[in-house]
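What follows is one structure encoded as C-alpha cells, with my remarks underneath.
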Amino acid sequence: MAPITAKNYVNGEWLTTGSTFESLNPADQREVIGTAPLSGKAEVDLAVAAAKHAYESWRELSWVKRAEYIDTFAQLIKRDLTEISELVTRECGKPINEGRADAVEALHMAQYMAGLGRVPNGYAVSSEIAAKDAFILKKPKGVIACITPWNFPSAIPLWVILPSVLAGNTVVFKPAEQTPICGHKLMELFHEAGFPAGVINLLHGMGEDCGDPLVKHKDVAAILFTGSRAVGKYIQQVAAGDAFKFAATEMGGKNATIILEDADIDLAVNACILGAFKTTGQRCVSTSRIIIDKKVEPEFTAKYIEKIKRIKIGNGIKEETFMGPLIEAGSVDKWKFHNQKAEEEGAEVLLRGEVLTGGEYEHGNFVSPFVYRMQYRPNTFCLREEAFSPHVAIIPVDGLEQAVEVYNDTDYGLAMAVITEDYRKWRWVRDHAEFGLGYVNLPSIGAEVHLPFGGVKASGNGHPGAEGILDAVTHRVAFTVNHAKEIVMAQGLSTSV
Ligand code: NAD
C-alpha cells in the first residue's frame, strides 16, 4: 500500500511543516505506513489560537447540536471500519482481530457520546428557600489538549476528544509519534463530518518538541493525557505550576491475575493467556504478575506453559496470528532489560523468550514470551515495574490475604483479575486490592466505553477515560434563581440593613 502523507490540521486547513518523520510497520519495517510533519512551538501557538477562537461559537451550540456532529462522525467510522481496523494493525502491529476491536471501540465511543447529547447534562436541586430554584450545570472549560499513546490509536483518542467537544470545549489533539497515520485518519473523518474550523485541531510530532509546549501553553485549560507514568507525572507537575490548569493523567500498570485455590484452572489459564499476551503484553492493563495459591500453582503452571507454546506469533494482518510484534526496537531492549533484571533478582526461568529472526520475523520487532516463577520478596523491581511486553512472573503465595498483599506491593493500581468460585473471596479481594479496573473470572483486560477506564495510585489521578472523562472536561457550576419579590437568605442569614 502506498505511504500516506499525513498533515497537521489547524483551523480547518491541512498544513505541513519544514520536516517530517516516518511511521513504520512494526511487523515489517520495510513498509512505510506514512509520513507526518514534525511540529513545534510555532505550530502549537497556531493550533491553540484556532481552538481558542472556535471555542467562542462552539460553546454557544446546544449539547444536542454538538452531538449531531458526533453522530455524523460515528456513521463515517462505521463506513470505514475495515479500513481503520487494517490501518491500526499495520501501524501498531496488533493482530487484525484486535485492530478491529480497537475500531469497534472507537465506533462505540462515538455512538455513546452522540446519545449523551440528549440526556440531562445538569439538574435542578431543591433550595432551602421555597422561592428559590437551584441548579447544578456543567459548563465547558475551554481549549483542551488531548495527548494519547500508540497502543489504542483509534479508541483512546476518541475516549478523550469526543466528551471534550460534546461538552462545548475545543481540542488540540497530539497522537503518539508511533501512530500518526491512525490519528490522521480520525482527523479526515472529523473534517468530513463537518466539525466547524478550529473545533478539533491535530498536531503531529514528538513529545518533547510538540507535546511539551502544548501542555505549557497558557491558553490550554485542561490536559487529557494517556501514556507512561514518567510523562504523566511530568505533566501533572507542569499543570500544578498554573493554578487554573487541570490535568487528567491515565498511566501504566503492574497488573495481576490472582488465582485462588478453588479456581477453575482451565479458565485461569485462558484468562492469563489473554491477559498477558494480547497486544503482545503492551496494554496498560496487561497481566504481568500471576499471583497464585501455591496449592494449585504446579497444575496451573504446567498447563499455562503448554498453552503458551501454542501461541502463533507473526504479522498481525493474518487472521490466525495471536501475538504480533513489539512496537519498536526500543521496546525489545526494554523487554530484554526486564528479563535480565528478573534473572538477577532470582527468577526461575520457565520460558526463556527470545528475539525472533529469519523468515517473516526478519524485518519486525518480534519476541516470544518470557515467563518465570518467582518467590515473593517485597520491593523486587521485576515484580513492581511495568515491562509493557510479554514478560510474566508466576508468584506462588499462601492464601487469599498474602495474594492481596503481594498484589498491592507496587506503586501502580490499574487492573486486577481474580479467579475463584467463591463469592466471599472475590468480595474480599475487591475490597482490599487497590485497582481502578477489577474483574472476576476474566482476564485483566477488556474495556467498554460506558464504564470508566482508569487507575489509582501511580496509575491515574482519579479522572478515568471513556465514561469517566465528562466530569473532567466540565466545570460543575451552581446557579440559583429567586422567584420572590423579597430576598430571603439560606441559613437564616439576616437581610436587614
Ligand atoms: P508515552 O508516555 O511515551 O507517550 C504518550 C504520549 O505522550 C505521546 O503522544 C507522546 O508523544 C507524548 N509525550 C511524550 N513526552 C511528552 C512531554 N514531555 N510532554 C507532552 N507530551 C509528551 O507512552 P506510550 O509509549 O505512547 O504508551 C505506553 C504507555 O501508556 C504505557 O505505560 C501504558 O501502560 C500507558 N497506557 C495507559 C492507558 C490508561 O488508560 N491508563 C492506556 C494505554 C496506555
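The values are calculated or read from the model by the stated rules, or taken from the named source; none is laboratory data. Nothing here was measured: the structure is a model prediction, and the numbers come from that model. When we count neighbours, we look across all protein chains shown, and the Cβ atoms used for this are built from the backbone with ideal geometry, even at glycine. Accessible surface areas use protein heavy atoms only, side chains included; no ligands, DNA or RNA. Shrake-Rupley method; radii C 1.70, N 1.55, O 1.52, S 1.80 Å.
Assorted remarks:
- Cross-link partners for Lys425 among the lysines, with Cα-Cα distance under 20 Å and sequence neighbours closer than 8 places in the same chain left out: Lys294, Lys295.
- Computed E for Arg384/Met206 - FRET, C-beta separation, R0 25 angstrom, nearest 0.05: 0.30
- Computed over the chain, relative contact order equals 18 percent, with contacts defined as Cα pairs under 8 Å that lie 6+ residues apart.
- Rounded, prolate or oblate (a/c below 1.5 giving rounded, otherwise prolate when a/b exceeds b/c) for segment 143-230 by Cα gyration tensor: oblate
- Carbon plus sulfur fraction of accessible area for segment 110-263, probe 1.4 Å, in percent: 56 percent
- Residue-averaged [θ]222 nm for the chain, counting only DSSP H segments that reach four residues, each worth -39500 (n - 2.57): -11000 deg cm²/dmol
- For segment 73-154, GluC sites (Glu not before Pro) meeting the loop criterion (DSSP other than H, G, I, E, B) and having at most 11 other Cβ atoms within 10 Å: Glu128.
- Taking the Cα centre of segment 255-440 as reference, the dipole from Cβ charges on Lys and Arg (+1) and Asp and Glu (-1) amounts to some 280 debye.
- Taken about its Cα centre, the chain carries a charge dipole of roughly 880 debye when the Cβ of each Lys and Arg holds +1 and the Cβ of each Asp and Glu holds -1.
- For the chain, the longest principal axis of the alpha carbon atoms and the long axis of helix 180-193 meet at an angle near 30°.
- Listed by chain and number, the aspartates and glutamates placed with their C-alpha closer than 12 angstrom to that of Lys485 amount to none; residues fewer than eight positions away on the same chain are left out.
- With K and R counted +1 and D and E -1, the other residues having a Cβ less than 15 Å from that of Ala131 yield a net charge of -1.
- Restricting segment 395-494 to GluC sites (Glu not before Pro) that sit in a DSSP loop and have at most 10 other Cβ atoms within 10 Å of their own Cβ leaves Glu486.
- Between Asp262 and Asp411, the C-beta separation translates, for a Förster distance of 35 Å, into a calculated FRET efficiency of about 0.70.
- Hydrodynamic radius by Kirkwood, which averages 1/r over all alpha carbon pairs of segment 269-378, in angstrom: 14.8 Å
- Neighbours of Cys210 by Cβ distance under 9 Å: Lys/Arg scored +1, Asp/Glu scored -1, total -3.
- Surface accessible to a 1.4 Å probe, per residue, for the residues of the chain, Å²: 41 Å²
- With respect to the chain, whose longest principal axis is taken over its alpha-carbon atoms, helix 81-92 is tilted by about 60°.
- Separation between Cα centres of segment 91-167 and segment 181-230, rounded to whole Å: 16 Å
- Annotation: lysines with alpha-carbon distance below 20 angstrom to Lys254 (same-chain offsets under eight excluded): Lys233, Lys278, Lys334, Lys336, Lys341, Lys457.
- Three-way shape call for segment 255-440 based on the alpha-carbon gyration tensor, with the a/c threshold at 1.5: prolate
- Share of alpha-carbon pairs per 20 Å distance bin for the chain, given as whole %: 23, 51, 22, 3, 0
- Segment 1-44 and segment 439-497 have Cα centres separated by 38 Å.
- For the chain, with +1 on Lys and Arg beta carbons and -1 on Asp and Glu, the positive-most of Val119, Gln340, Gly413 along the dipole: Val119
- Rounded, prolate or oblate (a/c below 1.5 giving rounded, otherwise prolate when a/b exceeds b/c) for segment 268-320 by Cα gyration tensor: oblate
- Rounded to 10°, Cα long-axis angle of helix 399-408 versus longest principal axis of the chain: 60 degrees
- Legend: residues Tyr376, Tyr123, sorted from most to least accessible area (1.4 Å probe; ligands, DNA and RNA excluded), read Tyr123, Tyr376.
- Between Val477 and Val497, the C-beta separation translates, for a Förster distance of 25 Å, into a calculated FRET efficiency of about 0.30.
- Other residues whose C-beta falls under 10 angstrom from the C-beta of Gly99 contribute a net charge of -1, scoring Lys and Arg +1 and Asp and Glu -1.
- Viscosity 1.002 mPa s, temperature 20 °C, Stokes-Einstein D of segment 84-172 from Kirkwood C-alpha radius, µm²/s: 140 µm²/s
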